[in-house]
Amino acid sequence: MMKIPASHPRYKSLLYRHRVVDGFRKGFVADAGLIAHGRGEAFDYLIGEKSVKEAIIAQRAAVAAIHLSKNPVISVNGNTAALVPGEVVSLAEVCKAGIEVNLFYRTVKRENLIADILKKHGASEVLGIGDHMKMIQGIESERARADLKGIWSADLVLVPLEDGDRTEALRKMDKCVISIDLNPLSRTSQHATIPIVDNVVRVIPNMIEFAREMSNWGKDRLEETVYGFDKENNLETMISLMREGL
Ligand code: PTJ
């Protein structure tokens, strides 16, 4: 990976950009993943590249929902594997969630590379690999694949950085969908049960912290946090903040 001088004023942004480029060169980030990352950078700029209050509220509601769920699964694609592989494994551990590889531009090679990365970061089991998958109705792409032990039977799915064809289908299956997408207007953000409009590189570490904090909370307090979340208001505020940012 290219060495970026730590003194560079945009060090962090460049570091993450190069992680995605490096992932593309190694063959596990899709070429379109580079474009997706650039789009994310632009939205992030508009919110000051920080987790704003509304994003934190969404993240806390998301963690409370995960703690209340019976079979939560974190879906991992190429960009997520490049940006926050270790953090995803830690979050899954704290929340007792499954980890499943799920790709839009699926190839077996990419799938296996991503599973290896997650295992190298400590994942004991990575779902979504192999030929024993069910196909989710209403999705034309390879994203329809769902592991019987994972997304297929999950009551909650966390979907970081996704194109817009799956969230609606998962909602139709009565699953709670938590999205992480910097675009508040995307179909994913609009259709998710709890959309988090923030950068995945900040969201996952925040969620780990909140998950630890809430680990001994009772059902009532967790439910209060989930039901207190106002999705429409949250998304509208995020859009206003971006407008102001412009
Ligand atoms: O690895 P694959 O094959 O599953 O493909 C992954 C990509 C991301 C290429 C695929 O899902 C795709 O084409 O996604 P889109 O339609 O470009 O949507 C990605 C969304 O994530 C966009 O709304 C971006 O603004 C947003 N985004 C990009 N980077 C980040 C992000 N959101 C949060 N954090 C980011 N770092």
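The values are calculated or read from the model by the stated rules, or taken from the named source; none is laboratory data. Just so it is clear, the structure is predicted and the values come from calculations on it, not from any experiment. No Cβ is skipped: glycine too gets one built from the backbone with ideal geometry, and neighbour counts run over all protein chains shown. Quick note on the areas: whole protein, heavy atoms, side chains included, nothing else; ligands and nucleic acids left out. Shrake-Rupley method; radii C 1.70, N 1.55, O 1.52, S 1.80 Å.
Between a first residue in region 81-99 that is of a type in the set (D, E, K, R) and a second residue that is open to solvent by 20 Å² or more (accessible area, probe 1.4 Å), which pairs have beta carbons less than 6 Å apart while being 6 or more apart in sequence or on different chains? As it stands, the answer is Glu87/Pro205, since those pairs meet every condition given.
Of Arg187, Arg143, which residue is within 12 Å of the ligand (Cβ to nearest atom) and free of Cβ contacts under 8 Å to residues at least 24 places away in the same chain?
Details: Arg143 fails: free of Cβ contacts under 8 Å to residues at least 24 places away in the same chain.
Criteria check complete, one pass: Arg187.
Go through the residues of region 176-186 one by one and say whether even a single one is touching a Lys or Arg at 6+ places or on another chain (Cβ under 9 Å), within 23 Å of Ala115 (Cβ to Cβ) and not basic (Lys, Arg). So far as region 176-186 goes, yes, one or more of its residues are touching a Lys or Arg at 6+ places or on another chain (Cβ under 9 Å), within 23 Å of Ala115 (Cβ to Cβ) and not basic (Lys, Arg).
Residues that are more than 13 Å from Val63 (Cα to Cα) and among the hydrophobic types (A, V, I, L, M, F, W, C) within region 202-240 comprise Leu235, Met238, Ile239, listed in sequence order.
Residues checked against (1) open to solvent by 50 Å² or more (accessible area, probe 1.4 Å); (2) aliphatic (A, V, I, L, M):
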{"position": "Leu158", "(1), (2)": "no, yes"}
{"position": "Ile178", "(1), (2)": "no, yes"}
{"position": "Asp181", "(1), (2)": "no, no"}
{"position": "Gln190", "(1), (2)": "yes, no"}
{"position": "Val201", "(1), (2)": "no, yes"}
{"position": "Lys219", "(1), (2)": "yes, no"}
{"position": "Glu224", "(1), (2)": "yes, no"}
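Condition check for Arg19 on (1) in contact with a Cys (Cβ under 9 Å, 6 or more places away or on another chain); (2) open to solvent by 10 Å² or more (accessible area, probe 1.4 Å): one failure, at (1). Of the set (1) in a helix (DSSP H, G or I); (2) within 21 Å of Ile35 (Cα to Cα), all apply to Ser240 but (2).
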